[in-house]
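What follows is a short report on a single structure.
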Amino acid sequence: MGAALSARRRNDATKARRPDGAPSIDAARFRTFGSRLRAWYRRNARDLPWRQTRDPYRILVSELMLQQTQVSRVLGFYHRFLERFPSLTALAEARPKQVREQWEGLGYYARARNLHKLSRQVTRDGGEYGGTLPAEPEALRALPGIGAYTAGAVASFAHEKRAALVDTNVARVLSRVFAPHLHPKRSRDLTQLWTLAQRSLPRTGRATWTHNQALMELGALVCTARVKNCARCPVRAVCATYAADVGPVLTRPRA
Ligand code: SF4
C-alpha cells in the first residue's frame, strides 16, 4: 500500500517542515490515515446519544459536560439536564440556582455558569443571534465558555462544517501518528497539531463529522493516554510511533 511507509522514511518525514512550521506530511498518507480511521469507526463506534442528534444545543451541552469528565459519568447528567432544560430558551429562563442544581455532582461549575450565560446572550430579544447558535467556529468562539475545541465540535457535529477540532485525545493520536516529537502541552506544538488536524480533514463536512468522531474514539478506545493498543489499531500502517516501536504495545483489546 503506497502510503504505508517504512520506519526510517516515516521518521525522516516527521523532521521535514512546511513554511508554517508544521511537519510536512504526504497527502497520500493523510488519505490512508483518514479512510482507515473512518472505516474503523463505522464498525466500532459506541452508540452515544449526542451522536444521534444534530441539534446544536444538545451537542453543546454534551461537549461541555464531557470536558474532563468520563462518558459513563456524563450520560445520566446529560439526559436529566435536557429533560429539565430542553432548549436554549428554557435554559435562559431558568434561575442560576436551578441550573446549578441540575449540574450538581458533575463538578467544574464554571461550565454550567458559562452555558447559562451563553443561553441568555443567544436568546436575548433584539440580540445578534436571534435565538440560534452560530454555525461557524469563529462566531461560536465569541460566546462565553467556548474555546477552540468546543467551537470546532459544535460546527462539525451539529452543522457538519469542515472544521477541525483538537482535544487531548485527538492531540495524542495526531502526534503519535504524524509527529511524535510534538508535545500537546507546549503551545507552539499544539498550534502545529491544529494544523495537522486541519490538513488531515476529508473534503466534505459530512465525512468530516465521521472523521472527527473517529479521531476522538480512537483516542478514547485504542490509542489511550495509558496504553497504545497498536495490535488492533486501524492506522498503524501509517503511524510513526508504531514504526519506531515506542512505548508499550498491547495485544489484547482494552474495555
Ligand atoms: S499504531 Fe499505536 S501508537 Fe499509532 S495511533 Fe495506533 S495505537 Fe496509537
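Worth a mention:
- Here the condition is being charged (D, E, K, R), assigned to a helix (DSSP H, G or I) and more than 13 Å from the ligand (Cβ to nearest atom); of R203, R176, R162, R188, it holds for R188 alone.
Yes or no, residue by residue, for (1) within 24 Å of V173 (Cα to Cα); (2) of a type in the set (F, W, Y); (3) assigned by TED's automatic domain parsing to the domain that holds N212:
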| site | (1), (2), (3) |
| --- | --- |
| Y41 | yes, yes, yes |
| W50 | yes, yes, no |
| E63 | yes, no, no |
| V71 | yes, no, no |
| H79 | no, no, no |
| L82 | no, no, no |
| A90 | no, no, no |
| K97 | no, no, no |
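- Cβ-Cβ distances below 6 Å connect the following pairs, each with a first residue in region 178-195 that is of a type in the set (V, I, T), a second residue that is surrounded by 18 or more Cβ atoms within 10 Å (Cβ to Cβ) and not in a helix (DSSP H, G or I), and a separation of six or more residues or different chains: T195/A22.
- Assessment of region 51-58 against the conditions (part of a loop (DSSP other than H, G, I, E, B), within 25 Å of T195 (Cα to Cα), polar (S, T, N, Q) and under 17 Å from the mean Cα position of the chain (by Cα)) yields no matching residue.
The values are calculated or read from the model by the stated rules, or taken from the named source; none is laboratory data. Worth saying up front: this structure is predicted, and the values here are computed from it rather than measured. Cβ: placed from backbone, ideal geometry, glycine included. Neighbour counts: every protein chain shown.
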